[in-house]
1. Can you pull out the residues in the stretch 99-112 that are small (Gly, Ala, Ser) and either at pLDDT 95 or above or not in a loop (DSSP other than H, G, I, E, B) (or both)?
2. Only one of (1) exposed (fewer than 12 other Cβ atoms within 10 Å of the Cβ); (2) in contact (Cβ under 8 Å) with a residue 12 or more places away in the chain is not met by Asp103, so which one is it?
3. Can you tell me how many residues in the stretch 118-134 are surrounded by fewer than 13 Cβ atoms within 10 Å (Cβ to Cβ) and under 18 Å from Arg9 (Cα atoms)?
4. Which residue out of Arg72, Arg82 is within 14 Å of the chain's Cα centre (by Cα) and either without any contact (Cβ under 8 Å) to a residue 24 or more places away in the chain or not in a helix (DSSP H, G or I) (or both)?
5. Here is a check on your reading of the model: is Ile121 among the β-branched types (Val, Ile, Thr) and part of a helix (DSSP H, G or I)?
6. Can you spot a residue in the stretch 105-113 that is over 30 Å from Ser33 (Cα atoms) and among the small types (Gly, Ala, Ser)?
7. Between Asn144, Asn85, Asn115, Asn96, which is at pLDDT 90 or above, of a type in the set (S, T, N, Q) and loosely packed, with under 10 Cβ neighbours inside 10 Å?
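The values are calculated or read from the model by the stated rules, or taken from the named source; none is laboratory data. Computed from a predicted structure; not experimentally measured. Heads up, the Cβs are rebuilt from the backbone with ideal geometry, glycines too, and the neighbour counts pull from every protein chain shown.
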Amino acid sequence: MIQQLTKSRLLELEEDFKEYQQVNYNIAVRVVSLEHPWTESDSNIGGGSSGIIIKPQEILVIKKDEDKELQRLFKLKSDCERAINKMSDEQLLMYNMRFANSDYLGWQEVADRLNYSIAGIYKKRYRLLELLAIEKGLISVEKNV
């Protein structure tokens, strides 16, 4: 038995797939901003020194591990990749037409190109988004034994 996804949750899952299209860029931007934070210029040139010695690489690793936005982006990437890897050929075609296509086709256009009714494409859309919901842990699948 699978829990039902609400309309708002389905829209959120679509937004996740949309954001996934730029996730590598967003991760890179976030990493650069952590590695090179903006700071005001220091007017105390040649000023005091600290008694604590910490390697810059260690500080950077800690910053990345503790950065919630960076961790959210890594999780989004991982969840989307696992869902995509579980898609059937038909679902992958629909995914590519809807999310990875530079034309950014709507579900109506996807239905037209694949010769599905609107009701049919929305059933298939639900199953496609359900894969991501399962990977994100939003719903669970109980297996009959």
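1. Within the stretch 99-112, Ala100, Ala111 qualify.
2. (2)
3. 1
4. Answer to the check: Arg72.
5. Criteria met by Ile121.
6. Within the stretch 105-113, one or more residues are over 30 Å from Ser33 (Cα atoms) and among the small types (Gly, Ala, Ser).
7. Asn115
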